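For reference, the structure discussed in these notes is given below.
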Amino acid sequence: MEKGKTIDQLNIGDRASMSKQITERDVIRFAELTGDINPIHMDKLYAEQTIFGERIAHGMLTASLISAVLGIKLPGPGNIYVSQTLKFKAPVKFGDVIEAEVEVVEKIPERNRVRLSTVCRNQHGTVVLEGEAVVLPRRP
């Protein structure tokens, strides 16, 4: 497996992203895995009566795409995910294609930490989630 970047290999402004279409199957599997069976995600009739008018994906399902980018792309394998802030800005609907992107915004070499902005957008460019992550890049 490819090794992730060390702090010396990272630069302010480095970016990585990945995209995934969110399907009904993804939402059902996430609910089974986590136990979050909130009817906004699972019950079509219930969801039709909400402000969204339809079922929506779990916010944390969307957030997990950020974890994937951090874990496999930037910094990549071997990094440790320390913290994450999240602001849910818009619903993710079944069929939406979500792009999760991370960008290095600060390096803290004395603590081997990197701060990254995190954002998820749908296929229309609408920000559905934003926040900030801190990771420990792999050691050389």
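Summing charges over all other residues whose Cβ lies under 13 Å from the Cβ of residue 47, with Lys and Arg as +1 and Asp and Glu as -1, gives -1.
Semi-axis lengths, largest first, of the ellipsoid equivalent to the chain are 32, 14, 12 Å, with √(5λ) applied to each eigenvalue of the Cα gyration tensor. Converting phi to 3J(HN,Hα) with the Karplus coefficients 6.51, -1.76 and 1.60 and the offset θ = phi - 60°, the stretch 91-100 yields x, 9, 9, 4, x, 4, 9, 9, 9, 9 Hz in sequence order, with x at every glycine or proline.
Taking the chain as a Gaussian network of alpha-carbon nodes connected by springs under 10 Å, the highest mean-square fluctuation of the residues 122, 112, 79 belongs to 112. In this structure the chain gives 56 Å² per residue of accessible area when probed at 1.4 Å with all protein chains present.
If you filter the stretch 36-104 for GluC sites (Glu not before Pro), then keep DSSP loop positions with at most 15 other Cβ within 10 Å, what is left?
Details: sites: 48, 54, 99, 101, 103; in loops: 54.
Loop-located and lightly packed - 54.
Overall, the accessible surface of the chain at a probe of 1.4 angstrom is composed of carbon and sulfur to the extent of 51 percent.
Cross-link pairs exceeding 19 Å in C-alpha to C-alpha distance, out of 5/89; 44/87; 73/93; 44/89; 44/93, comprise 5/89; 44/87; 73/93; 44/89. Our coupling estimate for the stretch 51-68, obtained by passing each phi through the Karplus curve with A = 6.51, B = -1.76, C = 1.60 and θ = phi - 60°, is 4, 8, x, 6, 5, 10, 6, 4, x, 6, 5, 4, 4, 5, 5, 5, 4, 5 Hz, Gly and Pro reported as x.
The values are calculated or read from the model by the stated rules, or taken from the named source; none is laboratory data. These numbers come from a predicted model, not from an experiment. Here the Cβ is made from the backbone with ideal geometry for all residues, glycine too, and neighbour counts use every protein chain on show. These accessible areas exclude ligands, DNA and RNA; they are computed on the full protein's heavy atoms, side chains included. Shrake-Rupley method; radii C 1.70, N 1.55, O 1.52, S 1.80 Å.
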